[in-house]
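Heads up: the structure comes next, in structure tokens.
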Amino acid sequence: MTDSLHLVCPNCQAVNRVPSMRLAQHPNCGKCHQPIFNGKPLELTAATFQSHILNNDIPILLDFWAPWCGPCKMMAPAFVQAVVILEPRVRLAKVDTDSEQGLGNQYVIRSIPTLVLFKGGKELARQSGAMGVQDIVKWVNIHK
Ligand SMILES: [Zn+2]
């Protein structure tokens, strides 16, 4: 366990180095001064995806979804609640597979919603189908 963690800013994508002990104290980005954890799922695009997958020292949970998908909409509030519970130990982000079809193809997303958990650029686990907030948190804690 290191004394500091690399965290990618959700606002400007700068890679911050945050002391572990400051993680829970709402750290701000050194570059843009916005909160590194803002209580909301991050919306990832092809332009920002790689940096967040590769440069975060904490696990990142992705929700692959689409605007037309009923179960995705059902799960969306649970995913937002899971952010509040899991931050700052885990980053939560969403990938719209309609506007980001390249990412959906690259990660072979066959059904949505699909949750995929990454750490250090490696896929740890994935799960398809809508889940409630408790199940999301439990599933992440088992696999991270
Ligand atoms: Zn920033």
### Query
How many residues are open to solvent by 50 Å² or more (accessible area, probe 1.4 Å), of a type in the set (A, V, I, L, M) and in contact with a strand residue (DSSP E or B) (Cβ under 6 Å, 6 or more places away or on another chain) when one looks only at the range 1-22?
1
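What number of residues within the range 1-58 satisfy the criterion of being assigned to a helix (DSSP H, G or I) and in contact (Cβ under 8 Å) with a residue 40 or more places away in the chain? Give the derivation first.
Looking only at the range 1-58, we keep the residues that are assigned to a helix (DSSP H, G or I), and these are 20-22, 46-55.
Now restrict to residues that are in contact (Cβ under 8 Å) with a residue 40 or more places away in the chain: 46, 49, 51-55.
Qualifying residue count for the region: 7.
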#### Entry: the range 108-131, residues that are assigned to a loop (DSSP other than H, G, I, E, B) and either over 15 Å from the mean Cα position of the chain (by Cα) or among the acidic types (Asp, Glu) (or both)
Val108, Ile109, Arg110, Ser111, Ile112, Gly129, Ala130, Met131
#### Entry: Among (1) touching a Lys or Arg at 6+ places or on another chain (Cβ under 7 Å); (2) open to solvent by less than 20 Å² (accessible area, probe 1.4 Å); (3) not acidic (Asp, Glu) - the single one Leu124 does not satisfy
(2)
#### Entry: Every residue from the range 3-30 that is more than 8 Å from the ligand (Cβ to nearest atom), in contact with a Ser or Thr (Cβ under 7 Å, 6 or more places away or on another chain) and of a type outside the set (Gly, Ala, Ser)
Asp3, Leu5, Val8, Arg17, Val18, Pro19
### Query
Of the residues that sit in the range 86-96 and are in contact with a helix residue (DSSP H, G or I) (Cβ under 7 Å, 6 or more places away or on another chain) and more than 14 Å from Leu23 (Cα to Cα), which one is surrounded by the fewest Cβ atoms within 10 Å (Cβ to Cβ)?
Ala93
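The values are calculated or read from the model by the stated rules, or taken from the named source; none is laboratory data. The model shown is predicted, which means the values in this text are computed figures rather than measured ones. Don't worry about glycine lacking a Cβ; one is built from the backbone with ideal geometry, like all the others, and counts go over all protein chains shown. Quick note on the areas: whole protein, heavy atoms, side chains included, nothing else; ligands and nucleic acids left out. Shrake-Rupley method; radii C 1.70, N 1.55, O 1.52, S 1.80 Å.
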